[in-house]
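The values are calculated or read from the model by the stated rules, or taken from the named source; none is laboratory data. Every value quoted in this text rests on a predicted model; they were computed, and no experiment measured them. Cβ atoms come from the backbone with ideal geometry, glycine included; neighbour counts cover every protein chain shown.
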Amino acid sequence: MEPLAFASLAHVRVLLLPVGNIRKPDFERWAGEIAGFESIRLGDIPSHSKDDRARFMPNPLSSGFLHLSFTTHPAPTSHVPLSLIRPSDFPLGVIGIASCSQTDALSSVLADFNEVVSNLFPEGATYPLAKNCFVFEESDGNTNIDVGNHFPGLVVIPALLGNKQLHIGTLLADLCSNILGEFATVMQALESPLGNEYLNASIFPTLPPPSDLPRSLDHEIRSHDSLPPLPSQHSQPELATTSGALRSKTPLPLKRNSTIASGLMPPRHASLPPPSAKKKPAVIGAASSHGRLFKVTGDLFLLAGRLEDSEIWYSEALALLKGTQDTAWHAAALEGSAVIQIVQAWASTANEPSDVELWSDILDKLKQASALYHRTTPQTESESTFSLLTYLYTHSVLRQALLLFSVWSTKGWGPHAFSMMMHPDGSFYSPLANSSAPSRRRSFHSDLERLTTISGISRAQIASILTQIHGPWLLHLDERERIVVLQALASIYGALGYCRKEAYILREVLGCVMDLIVCGREDETPIRTPNPGLGIRGITFDGEPASQGVIGVREVEPVEGNDSILRVVKQICKIHGVDLEAVKLTYVSDRQDFTTMEGNGFEEAGNVAETTEAPFGWPELQIGIVREALAVAEALPDYPSVAQFSLSSLKTLHEVMSQAEQYQMYQAATRALAIAKRRGDSRTVEYWSGKPIVSLEILPLPLPRLPMEKPLSLLVQEFTSRGHVIAGYTDPFLYNPRRQSGRAQSTLVQGEPFEVVITLRNPFVFDLELQSIRLSTSGVPIESESITLTVPANSYHPVKLSGKALHAGTLVIRGCVVQAPGGAPCEFTLPLATDDEEDKRGGQQNANECDMERVKRSGLDARGWEKRRSRLSGVDLGSTGQGAKPTIRHLECKVIEEQPLLRIRRTSLTHGAVMLYNGETSTIRLVLENVSSLPVDFLALSFDDSTIGPARQTLADDNLPVFETYETEYDLIYRPVFSWDKNQSPHSIHPGEKTTLTLNCFGKVGCTNGTINVSYAYVHRPQANLQKPPDVFHTRQLSFSALVTVYHMLECDSMDILPYPQDAALVAHHGGDDTPELQAMKSVMKIPDAVDWCLFSITVRNTYGIPFQVTFRRHQAGVDDASTTALVPPGSSTRLLIPIKKISLSMEQTTKPVPTLSDKQFVVTKSSLTSAEEHAQRELFWYREELFRTVHGEWKEGGGARQGSLSLRQQRMSMRMLEALRLETTRVQMSLVPCDEGDAGKSIASNQAGTRFLPSSDEFVCLRIKVTNLSPSALVLSLNVNLDPSSHIISQGVLSNIPLGRLGSGDFHESEVPLVFISCGRFDLRVEVESLNSSGDLTQVGRGLLRATVMAS
Amino acid sequence: MSHHLFLLSPSDTPLYQLTHYSSKPAQTTTSPLASNLPSWSTSAFAGTLTALSGATSASQAHHAQGGNIRIGGGQDRHVIQMIANASLDVIEEVMRKENAMYLKSVDKFNEWTVSAFVTPGNMKFVLLHETRNDDGIKAFFNDVWELYVKTMLNPFHTAHTPIRSTVFDTRVRASAKKYL
């Protein structure tokens, strides 16, 4: 569609028609050549001034121009009533364009041309005034078409002709000359009385039909010619042939004198026929009768380029029309006179000074004209009158707007503005074509403002004129005109930067176009629409772009049909902030092929922004517009676009949509996709609903299947569980750089299934169906099924995908491939979040939130993509210095070789529970079965029970004294609940084999449950190649947990150790008829020498319901084993005694520190004891250990078979007990012997056990002291004797520091002290042995006591 | 005669809408061109066109002379909103150049005149009216502004939060009754 020109009133319109079977490109080429002639100098037009036809011919040597405009569409037939008021709207000349190579084809070309013309223009039409057919010779070069004069109305342009332009120019000038000649003819008809009557008959008069005109004789003859005759060369064949009468020649040339005078006042002939005044007295006042005539004359002079004449006639017409009711004609005359000024200005561009106020006069005239049109009340209520009036009105307003717009867009009143108004070209509506890219909206605005400043016309001014066009009256217009007007309106709004108004108008344009399409289809007419003038030709309704001439909705792309319409739809939506292309269309070519959404690219940024971005736009309007867009796409129909639109709007607008709307959109999309698929449309939509994956994680393998990596060196060293038990599995180092951090790779096993949990998000209110979702991986090939699922509305939905790795190696899980029903699959990757990434994202989020709070952009700049673009451009600038972006890491896991698998077939426990007495040991049997195809050649067991944890905890607290620590550790290590004899167990299990493991279970109070972990592996694999085998192997673990119940039934307490009493030894040696218990007791107590022994005693209490037999056994080197047994009834306690030979430990042993059983590192011993105390403590510790090594307690169920051990570990040892237990360093044996040599055989009486001597008073006795060195080393000893009460004893010699000399180990020394008891009574004789050590100090190493009871002799 | 008030956020989202019917009769000066409109097509798209060009309301006015019931539901409401939205183009331009907050009769479209009030926070109050009533509208806008500022004092209220306060609503209505 040609752009609307301001000066169209001064354009001679020429219709270009394709004739014959000319090809489209050819036609367009030639049409382009012809259309290159926008104006023709008046001087170039051949003048035929011989007859009355010369009236409108240019004056010789006149310097004006005749302006041409070319069209390819004839004016619509409904506009015929305008033929006199607006002659410039009609094609005044017709040029047929044909191409031909054969001479003989020319006749058919001519016939075609005539037929086409007669089809287009009905009989009796005023126009066209001249026609010609240009035949362009096809360039095969040889033929030379000779036309001669055989075909009048046909011109052949030879292919060989060099300067075709010139030739065409000449031909055009000829045509124009014809047209100008015919102007005179028209004028003649109007000037006749009848013609004038017709002219004034109605508001939109037409020329009188030829039959009404009086005929002249010479044309009478012609009228009888029935065949298409051979008229004179330059006449109008159409008029001649169709009517057979030339209207114009007949009437008297009324005005010839005036036209020749050309510029004088036209005489006012009162040649108005009275009948017309009678007929319509109200319409046409008598005085105005010539107003219309003069106006037509002015129009024709304007067209003919004779501006001065035209101006004179216009002013005449205005003078006549001013006072009358004939507003439409008045307005038309005003418009004409306004246009003249522009044409004049254009013609004299060079020397015209630019005057700012020049256009105001023109604008006034145009305003007046518009107001007059607006006021016009058509008398006849026929619709066509309304339509035509509206047409004139809208065009006059548009002309006003164009005037201002041209001046504005060309930076002021000047040659550019004139030429733009005269001959607008394609870029007319985009004055700032180069800067209209939306990225530069800001500068775009400032450019627009600059235009305003330069030209002095504000955009609002232009817009306010444009709004006058818009109103209900637009409905009067017929479709083509309406589209033209609306399109011009939209274009100007667009050029002004008034995007929203443009969108408003575009919606109307769309309404028009779609209405035509829909109606056209409803009528089920063939493709051609009823009105050929409408230009809606060749629309095909099967969704393919129409071939040609479809509604050029915007002036840019006139031939694209559906695409153009959809583009308009998208443009409208875009302005309202809805991106209908948020979901892209793709072609389904290959199912494997999918697009990838990078998790952290701009896409991600978009997604993040999407969630937090401030909403833009008017939700109600947006939804309304989207609905309309859907309706348009459905009506076209373009189903993929329907889907695209509905899904895009769902994606972008779902927050403001109601539930029902969301659901409807989704339904529409689903339906449309199904239809598109059914119809074999190759397009489909991408995955649309944002990024559905929220998180992705590999489910850890179930514990029995989980392989654990162990270094191969572990196999070599002794597999001890000691350290493990104590310290748990924690590392001794707080920071171990070799240990992998918590984000360790997870391990998968080749050939075994693994599961990945993907969390999907559905932000919509409907259940989202996903046709398929599958894992997207790289690295090791996997076997994985895709699944179909439905994500519930408005929720996060975890879904499990399983897969199986086929080889060992590294598996990278990138994300997953999602496909919506009917859509294209799309991969969403989920990289691991690095700190940088997190920071960046956090920053972005903050920025977004900041933006939400303060409004930095308003209006159309606030649309999401505008914001994002500017932000990104800022980011780009900033980040160029930072270099490459960090590599993206994905979830990786390690796939190891196939592993064997064991399972527990059965156990010897019922219900997995064990019931034990404290200290009892029982066995558990586990039957293992190898269910895999690989053998197991490594088995190791580890155990855990409920006592280990708390014990470890107390150990870890580290506040325990050394002694306590030892006890706890001892308990953990030597008395575990479970134990296993490694050497008795099988070492390999072959595939399918079963094997039995036997475990010991020890009853320990406080244990409630325990776990048996069986680690196994296939270590010694056959090596497939010569590669170095990996230095790690993988174990798997079987766990079996048992419930343990331990009954606490026997308690030991108050352990004591006493010196062996001499009396007791005596009793034991006496035989007698005692009870068996007593005899057993006696046999236990029977010892060789009481001095070497001590007595161990302990109380055992039975707190349980049944009696237990308790036995304490003694195992001591060098002595016979002995045991003592007692039956402890329920609820009572029994004390048991057993003699123990005194123990002697070497100094080295007793001074050793208390050992630690674990590998724990002790940094400092935090003890505050003095060295003496520490020594004592150590001595106590070591003797106690020795004691427990010697004495063991056992119990046996009374009358049952169950037995177990009794622990003494709870018992404490005191210093006193230690003294009794420890073998003395030196033993002092004292006796009283008679002093006389003669009485050698006589001994002093003593009591039975020899513990008390009974000497008599006043007798000389000798105190014999035998000191034996029992220590392993030699000692230097001295002796102190203390006699009590000393006042009643007389002794000889010194009593203190009696030197004994050096005694070797085991040596003894006897010394005697003679003394006399000088009174009766009890005496205590004490001896202390002191040893002199190397430093010269004396240490007491032994003592003796002798009691004597002295009786009177 | 009716008035339509829209409070538009800087991102063109309406935060509050009010339709006020005043008892004053509308003085309509319709062009003769606007009468006798043809009803030429029944398709949905033609309906859109009819509504957008203002023909519906014109013909309604024709049928119910002086009647207050101008604005029905659906389509017309949509058109009113379209007009209010489209007038933002002009408002944005004028507000760049002028310092005044009250932009009186800044735009005209179909039968509607558009007046606007731009707050310093770039909120736009848009009022569609049919007759000139400059002083009344100015007073009304000042009232609404005050009420709006009071609403904004709420720390949880951002520039994008829709105003759902009933107090605001009743007060705006009262003010509309008073001045329009």
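From the list A:Leu941, A:Leu926, exactly one residue is surrounded by 20 or more Cβ atoms within 10 Å (Cβ to Cβ), over 26 Å from A:Ser1207 (Cβ atoms) and modelled with pLDDT of 80 or more. Which is it?
Values: A:Leu941 fails: over 26 Å from A:Ser1207 (Cβ atoms).
On inspection, the qualifying residue turns out to be A:Leu926.
Counting only residues that are out of contact with any helix residue (DSSP H, G or I) (no Cβ under 9 Å at 6 or more places or on another chain) and surrounded by 16 or more Cβ atoms within 10 Å (Cβ to Cβ), how many does region A:1284-1307 have?
Filtering region A:1284-1307 down to residues out of contact with any helix residue (DSSP H, G or I) (no Cβ under 9 Å at 6 or more places or on another chain) leaves A:1284-1294, A:1296-1307.
Remaining after also requiring surrounded by 16 or more Cβ atoms within 10 Å (Cβ to Cβ): A:1288-1289, A:1298, A:1300, A:1303.
Number of matching residues: 5.
Quick one: count up the residues across region A:908-923 that are surrounded by fewer than 17 Cβ atoms within 10 Å (Cβ to Cβ) and assigned to a strand (DSSP E or B).
Of the residues in region A:908-923, 5 are surrounded by fewer than 17 Cβ atoms within 10 Å (Cβ to Cβ) and assigned to a strand (DSSP E or B).
Does any residue of region A:918-940 turn out to be closer than 23 Å to A:Lys994 by Cβ and of a type in the set (Lys, Arg)?
Our first condition is that a residue be closer than 23 Å to A:Lys994 by Cβ; within region A:918-940, this holds for A:922-940.
Checking which are of a type in the set (Lys, Arg) leaves us with A:925.
Within region A:918-940, one or more residues are closer than 23 Å to A:Lys994 by Cβ and of a type in the set (Lys, Arg).
If the Cβ limit is 6 Å and pairs must be 6+ apart or interchain, which residue in region A:1211-1235 that is β-branched (Val, Ile, Thr) pairs with which residue that is not in a strand (DSSP E or B)?
Note: pairs meeting the criteria are A:Thr1225/A:Ser1271.
Within region A:788-801, can one find any residue that is in contact with a Leu (Cβ under 9 Å, 6 or more places away or on another chain) and in a loop (DSSP other than H, G, I, E, B)?
Yes, that holds for at least one residue.
Given the condition of a type outside the set (Asp, Glu), in contact with a Cys (Cβ under 6 Å, 6 or more places away or on another chain), farther than 27 Å from A:Asp971 by Cα and at pLDDT 70 or above, answer yes or no: does some residue in region A:1223-1237 qualify? Break it down into steps so the answer makes sense when it comes.
As a first pass, look at region A:1223-1237 and keep what is of a type outside the set (Asp, Glu): A:1223, A:1225-1235.
From the residues that got through so far, the ones that are in contact with a Cys (Cβ under 6 Å, 6 or more places away or on another chain) too are A:1233, A:1235.
Pick out the ones that are also farther than 27 Å from A:Asp971 by Cα and you get A:1233, A:1235.
Next cut, at pLDDT 70 or above only: A:1233, A:1235.
Yes - at least one qualifying residue is present in region A:1223-1237.
Confirm whether A:Asp1073 is part of a loop (DSSP other than H, G, I, E, B), more than 30 Å from A:Glu920 (Cβ to Cβ) and either outside the structural domain of A:Glu969 (by TED's automatic domain parsing) or at pLDDT 75 or above (or both).
Numbers: part of a loop (DSSP other than H, G, I, E, B): yes; more than 30 Å from A:Glu920 (Cβ to Cβ): yes; either outside the structural domain of A:Glu969 (by TED's automatic domain parsing) or at pLDDT 75 or above (or both): yes.
So A:Asp1073 fits the description; yes.
Within region A:822-864, can you find the residues that are polar (S, T, N, Q) and within 11 Å of another protein chain (Cβ to nearest Cβ)? Working first, answer last.
First, pick out the residues of region A:822-864 that are polar (S, T, N, Q): A:829, A:834, A:844-846, A:848, A:858.
Passing the criteria: only A:Ser858.
Out of all the residues in region A:448-459, is one or more among the charged types (D, E, K, R), surrounded by fewer than 23 Cβ atoms within 10 Å (Cβ to Cβ) and at the interface with chain B (Cβ under 8 Å from one of its Cβ atoms)?
Within region A:448-459, the first condition is being among the charged types (D, E, K, R), and the residues that meet it are A:449-450, A:459.
Next, from what is left, pick out any that are surrounded by fewer than 23 Cβ atoms within 10 Å (Cβ to Cβ): A:449-450.
Still in the running and at the interface with chain B (Cβ under 8 Å from one of its Cβ atoms): A:449.
Yes, because at least one residue in region A:448-459 is among the charged types (D, E, K, R), surrounded by fewer than 23 Cβ atoms within 10 Å (Cβ to Cβ) and at the interface with chain B (Cβ under 8 Å from one of its Cβ atoms).
Could you tell me whether A:Glu502 is within 11 Å of chain B (Cβ to nearest Cβ), over 16 Å from B:Ala46 (Cα atoms) and modelled with pLDDT of 85 or more? Don't jump to the end; show me each part of the working.
On the way: within 11 Å of chain B (Cβ to nearest Cβ): yes; over 16 Å from B:Ala46 (Cα atoms): yes; modelled with pLDDT of 85 or more: yes.
Against the criterion (within 11 Å of chain B (Cβ to nearest Cβ), over 16 Å from B:Ala46 (Cα atoms) and modelled with pLDDT of 85 or more), A:Glu502 qualifies.
Would it be correct to say that A:Tyr493 is modelled with pLDDT of 70 or more and more than 7 Å from chain B (Cβ to nearest Cβ)?
On the way: modelled with pLDDT of 70 or more: yes; more than 7 Å from chain B (Cβ to nearest Cβ): yes.
So A:Tyr493 passes the test.
Right, B:Leu103: assigned to a helix (DSSP H, G or I) and either farther than 29 Å from A:Leu860 by Cβ or out of contact with any Asp or Glu (no Cβ under 6 Å at 6 or more places or on another chain) (or both) or not? Full working, then the answer.
Numbers: assigned to a helix (DSSP H, G or I): no; either farther than 29 Å from A:Leu860 by Cβ or out of contact with any Asp or Glu (no Cβ under 6 Å at 6 or more places or on another chain) (or both): yes.
No, not satisfied.
Would you mind stating whether B:Thr50 is at the interface with chain A (Cβ under 9 Å from one of its Cβ atoms), assigned to a helix (DSSP H, G or I) and at pLDDT below 85? Write out each step before concluding.
On the way: at the interface with chain A (Cβ under 9 Å from one of its Cβ atoms): yes; assigned to a helix (DSSP H, G or I): yes; at pLDDT below 85: yes.
In short, yes.
Going by the conditions given, is A:Lys691 under 28 Å from A:Leu775 (Cα atoms) and more than 14 Å from chain B (Cβ to nearest Cβ)?
On the way: under 28 Å from A:Leu775 (Cα atoms): yes; more than 14 Å from chain B (Cβ to nearest Cβ): yes.
Yes.
Is there a residue in region A:306-317 that is closer than 20 Å to A:Ser83 by Cβ, at pLDDT 80 or above and within 14 Å of chain B (Cβ to nearest Cβ)?
Among the residues of region A:306-317, not one is closer than 20 Å to A:Ser83 by Cβ, at pLDDT 80 or above and within 14 Å of chain B (Cβ to nearest Cβ), which makes the answer no.
Would you pick out the residues in region B:146-163 that are outside any loop (DSSP other than H, G, I, E, B) and in contact (Cβ under 8 Å) with a residue 40 or more places away in the chain? Can you show your working first?
At the first step, the residues of region B:146-163 found to be outside any loop (DSSP other than H, G, I, E, B) are B:146-152.
Within region B:146-163, just B:Tyr148 meets the criteria.
Hey, any hits in region B:111-131 for a residue that's under 20 Å from B:Ser23 (Cβ atoms), at pLDDT 90 or above, in a helix (DSSP H, G or I) and more than 9 Å from every other protein chain (Cβ to nearest Cβ)?
Within region B:111-131, not a single residue is under 20 Å from B:Ser23 (Cβ atoms), at pLDDT 90 or above, in a helix (DSSP H, G or I) and more than 9 Å from every other protein chain (Cβ to nearest Cβ).
Within region A:15-41, which residues are β-branched (Val, Ile, Thr) and under 12 Å from A:Phe70 (Cα atoms)? Quick ask: steps written out before the conclusion?
Start the filter on region A:15-41 by keeping residues that are β-branched (Val, Ile, Thr), which leaves A:19, A:22, A:34, A:40.
Scanning region A:15-41 gives a single hit, A:Ile34.
If you scan region A:40-71, which residues turn out to be in a loop (DSSP other than H, G, I, E, B) and either buried (at least 18 other Cβ atoms within 10 Å of the Cβ) or at pLDDT 85 or above (or both)?
Kept after step one, since they are in a loop (DSSP other than H, G, I, E, B), are these residues of region A:40-71: A:45-51, A:57-64.
Result: A:Ile45, A:Met57, A:Pro58, A:Gly64.
Every residue, every condition in (1) assigned to a helix (DSSP H, G or I); (2) under 12 Å from A:Val578 (Cβ atoms), yes or no:
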position: A:Pro640; (1), (2): yes, no
position: A:Phe645; (1), (2): yes, yes
position: A:Ser649; (1), (2): yes, yes
position: A:Thr652; (1), (2): yes, yes
position: A:Gln662; (1), (2): yes, no
position: A:Gln667; (1), (2): yes, no
position: A:Lys677; (1), (2): yes, no
position: A:Gly680; (1), (2): no, no
